[in-house]
């Protein structure tokens with residue numbers, strides 16, 4: 001089953017046993033089939049996927065404002081609004097339409113700023129069992145100070161990065177390599193089941209497949225944990 005609802009996209013197997021939530025933009029919709037085909041081809045579990053459409057990528061996914069890092073686009077502080085929309089509207093919608101999801105694992109994940117948002121959601125809310133953060137923007141100003149002062153509420157967290165990403169010309173973005181290794185260390189020290197995977201290439205290589213791999217690893221954790 002696939003359907004478009006106002007503000008989100010749903011793809012669900014019959015009687016799903018796991019819920020995947022991913023912030024996406026309109027351009028991502030054309031590539032979601034690759035991500036979902038990868039998961040169906042590698043896992044034998046029925047799941048429901050909801051892609052949450054994000055109108056302003058630079059504001060709706062970031063929890064506090066920041067000056068521009070690349071170009072002239074500044075960052076906003078509407079991540080709490082996006083999280084409230086997901087937890088207050090989209091999760092009840094999905095679990096109301098798919099009764100088999102009741103009490104089953106909820107995973108949230110995404111790529112780049114959507115990966116950062118997913119990590120942040122795992123600190124702010126206890127409604128997500130697993131986090132699938134592919135190339136998350138942990139270079140974001142203030143992020144590591146935030147992460148050092150918080151305990152993740154998720155049971156499992158996947159992190160990844162392209163091996164060319166720390167070589168970015170932008171000096172702030174280039175801190176992502178050290179930041180993600182510190183992020184991985186913080187999660188390990190907190191006893192969160194986690195992994196850190198290096199992919200080949202820069203930030204723009206196979207974002208859909210990298211995200212699918214992030215969800216795959218996270219889903220596999222709950223085939224055992226749940």
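Quick notes
- For region 27-50, backbone nitrogen atoms closer than 16 Å to the point 7 Å from residue 3 Cα along Cα-to-C-beta are found at 48-50.
- Remark: 148, 153 ranked as 148, 153, counting other beta-carbon atoms within 10 Å and listing the fewest first.
- Between region 59-133 and region 19-57, the C-alpha centres lie 14 angstrom from each other.
- Highest average packing first - 126-133, 104-111, 189-196, 178-185, Cβ atoms within 10 Å: 104-111, 126-133, 178-185, 189-196
- Going from the fewest other Cβ atoms within 10 Å to the most, the residues 85, 210 appear in the order 85, 210.
- Base-10 log of normalised Debye intensity for region 115-226 (one unit scatterer per alpha-carbon) at q = 0.13 Å⁻¹: -0.44
- GNM result for the chain, Cα springs below 10 Å: residue of 122, 177, 103 fluctuating most strongly: 103
- Under the simplified labelling scheme, the residue 43-residue 102 pair shows an inter-label distance of 2.3 nm, with each label point 7 Å from Cα along Cα→Cβ.
- Net lengthening on full extension, residue 170/residue 200 (0.36 nm per residue, minus Cα-Cα): 8.9 nm
- Hydrodynamic radius (Kirkwood) for region 2-225, which is based on Cα pairs only, to one decimal in Å: 17.3 Å
- Once the C-beta distance of residue 150 and residue 73 is scaled by a Förster radius of 22 Å, the resulting FRET efficiency is 0.25 to the nearest 0.05.
- Among 125, 137, 149, the ranking by other beta carbons within 10 Å of each residue's beta carbon, starting with the fewest, stands as 149, 125, 137.
- With each label modelled as a point 7 angstrom along the Cα→C-beta vector, the residue 64-residue 126 pair spans 2.5 nm.
- Prolate/oblate/rounded label for region 102-164 (Cα gyration tensor, a/c 1.5): oblate
Read-outs: derived from the displayed coordinates by stated rules, not from any lab. This is a predicted model, so every value here is computed, not measured. Here Cβ is always computed from backbone atoms with ideal geometry, including for glycine, and neighbour counts include all displayed protein chains.
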